[in-house]
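Take a look at the structure set out below.
The values are calculated or read from the model by the stated rules, or taken from the named source; none is laboratory data. Being a predicted model, the structure only gives us computed values, none of them experimental. Here Cβ is always computed from backbone atoms with ideal geometry, including for glycine, and neighbour counts include all displayed protein chains.
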Amino acid sequence: MLNTFNRLLGNDAGIFRRYLGMTLVYGLLCGLSIVSVLPVLASLLANDLPAASRWLIPLVLGVVLCWALRRRVERAGIRVGVAVLQQGRHRLGDHVAQLPVGWFDAHNTARLSHVTAEGMMALAQLPAHVFTPLITGLVTPLVVVAALFALDLRMGLIALLALPLLLAVLVLTARLGQRADDRYHASTAQASQRMVEFAQAQSVLRAFNGEDGGSHFLEQAITDQQQAARRLIHVSAMSVVVNTWAVQAVFATLLGAALLWLGHLVGQPLAPAALVPLVLTLLLLSRFVDPLLEVASYSEVLRGARSQLTTVRELFAVQPMPQAQAPQEPADGSVELHEVSFRYAENQPETLRKICLRVEPGSMTALVGASGSGKTTLMRLIARFFDVSQGSVRVGGVDVRQIGAGRLAAQISQIFQDAYLFQGSIADNIRVGKPDASEAEVLAAAREAGVMEMLERLPEGLDTQVGEGGTRLSGGERQRISIARALIKDAPILLVDEATAALDAENQVAISEALARLRGKRTVIVIAHQLSTVAMADQVVVLDQGQISQQGSPARLAQAPGLYAHFLAQRRAAKGWRIAAQSVSEDSV
Ligand SMILES: Nc1ncnc2c1ncn2[C@@H]1O[C@H](COP(=O)(O)OP(=O)(O)OP(=O)(O)O)[C@@H](O)[C@H]1O
Ligand SMILES: [Mg+2]
């Protein structure tokens, strides 16, 4: 826990250490002020007023010091909280920025956003509201136990033994609660994922599920969440009761021991020497149990925040991509895969097996293959979204692991299958590829990517707002803008994951033309779905279940029997079907 806090605070970790030290001193001082009541009382009982007033001085000093320190501890706790809020998100952000791009799947993204939004707030409140009472609640009784030892060995021993016992009860109830808590958090994350899915996929859900809009996945997730919440409330309430009982049982045992002691004294003349320690012991016992009760009640809050801390710890534990110690410069725009094998996780089968491939600078390679054959995975490895399991990926003759992250990113432009646009204008979205691009550069890229033709329909031209995620534009239009964005970046290598959705003829032509214009200028590796794209390529690589099954020029492969011939036949049939509907018959490949 302390490590996670230190990690979150980074350079500000010193504030946290100072706060902890101050709280410990405060707890000790509170214990000592309680104990310093004893000599005052003892002197009073012995009728020694001068001694009582002498002892009163450290007591008053202790109380005043305690009071002053309390305020400083509170302020230090708040300072730590503020630092967690200010630094924590940055630290976590810096860390996840170094993680493999492939790490950002729906589950991890949901966890990250949950912990940065709610988690940081819960953690920021911990020092002032929970750590202070918990630490003082544990330190103060220790001082009281030491005093009890001085007064009566047996009482001291009982009180000392009670502390680990109490701690064991607290740990046990915390474990029980932790399980309920984990289930609750898992079901909450599931329910929010389902909620987003439900909202985003309304059109699909309604088309397939009619009136209720396919809400049963969401309903199930909410029912699970409610059940988990009920269980959590039940376990939390039970934990508080059990913890309080445990503290009170210890108190009862100590009182019982005091009673036995008293019983032992019955019948004897009650000399002040015997009476004084007894009174003092009873007084100490009542002071011993108060802070412990407080600990019992705060342990629940602490457990609640622990799951957030665990998430933060787990996020920090994800290893960033190893960075090259002495980064090398890629020499040209070539791409080479040498005996590359890759699996997404240890327990999963290999997605790619022993892939060997060389793409010359300025050439165009088309990847084709059935869905799930590993085309996108291969592209991800070139851009180092993940590291290969075996073999090596070389860009410009250098292993991608030996190229600095920024340098590799500058070497490669990418056009993804689902072009994501940011809220803003078309020009803003093109500029993502080169933030300082001039108006002329934006226009040139727009022209090259076939965005200009599309602009004629839009009265505001390049300043047209695209809506969140580009929802105000069609899929083909989005893809054209993403091509312009990739072109303006002017990187020697372009990776294209062509949209699978059948684009309308105009968009398809625009995209093909944009790719054709790049021939010879950039190294293009394209996951091709359109016949026109494949026909343009210098080489075609056919993937089948993670292996290269055919490789060669489109013309040569078209002659050979195999998967490529099958792919061609399929595409021609699809194209023929579409064109037949328009009463035209033409085939270019
Ligand atoms: N993030 C991931 N984690 C685990 N497995 C994955 C992941 N992404 C893809 N896979 C698996 O790897 C295999 C290859 O997927 P990939 O996306 O590379 O195929 P593809 O050829 O691009 O398919 P498509 O044409 O449908 O896009 C599939 O079996 C897929 O389930
Ligand atoms: Mg794919």
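Of everything in region 392-406 that is β-branched (Val, Ile, Thr) and assigned to a strand (DSSP E or B), the residue that is nearest to Leu99 (Cα to Cα) is Val393. Selection of region 384-438 for residues being farther than 16 Å from Gln328 by Cα, of a type in the set (A, V, I, L, M, F, W, C) and surrounded by fewer than 22 Cβ atoms within 10 Å (Cβ to Cβ) yields Phe385, Phe386, Val388, Phe416, Phe422, Ala427, Val432, Ala437.
From the list Val524, Val509, Val466, the one residue that fits, being more than 19 Å from Leu421 (Cβ to Cβ), of a type outside the set (Ser, Thr, Tyr) and modelled with pLDDT under 85, is Val509.
All of Ala68, Ala52, Ala124 fail the test of being in the same structural domain as Glu197 (by TED's automatic domain parsing) and either over 27 Å from Asp290 (Cα atoms) or in contact (Cβ under 8 Å) with a residue 24 or more places away in the chain (or both), apart from Ala124.
Rundown of residues vs (1) within 16 Å of ligand 2 (Cβ to nearest atom); (2) over 30 Å from Ala246 (Cα atoms); (3) not polar (S, T, N, Q), yes/no style:
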{"position": "Leu285", "(1), (2), (3)": "no, no, yes"}
{"position": "Leu315", "(1), (2), (3)": "no, yes, yes"}
{"position": "Pro320", "(1), (2), (3)": "no, yes, yes"}
{"position": "Pro327", "(1), (2), (3)": "no, yes, yes"}
{"position": "Glu336", "(1), (2), (3)": "no, yes, yes"}
{"position": "Ala370", "(1), (2), (3)": "yes, yes, yes"}
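Of the strands (runs of 3 or more DSSP E) entirely within region 309-390, those holding at least 1 residues that are in contact (Cβ under 8 Å) with a residue 60 or more places away in the chain, among the hydroxyl-bearing types (Ser, Thr, Tyr) and out of contact with any Gly (no Cβ under 7 Å at 6 or more places or on another chain) occupy 364-369. Across region 504-525, a minimum of one residue is classified as within 16 Å of ligand 2 (Cβ to nearest atom) and closer than 25 Å to Cys356 by Cβ.
Please go through region 332-347 and pick out each residue that is at pLDDT 90 or above and either touching a His at 6+ places or on another chain (Cβ under 7 Å) or surrounded by fewer than 21 Cβ atoms within 10 Å (Cβ to Cβ) (or both).
Asp332, Ser334, Glu336, His338, Glu339, Ser341, Arg343, Tyr344
Within region 394-405, is there a residue that is within 16 Å of Asp463 (Cβ to Cβ) and modelled with pLDDT under 90? No: zero hits. Against the conditions (1) within 47 Å of the chain's Cα centre (by Cα); (2) crowded, with 19+ Cβ neighbours inside 10 Å, Leu65 satisfies every one except (2). For region 97-116, the condition holds for no residue, the condition being that it is away from ligand 2 (no atom under 16 Å from the Cβ) and over 30 Å from Val196 (Cα atoms).
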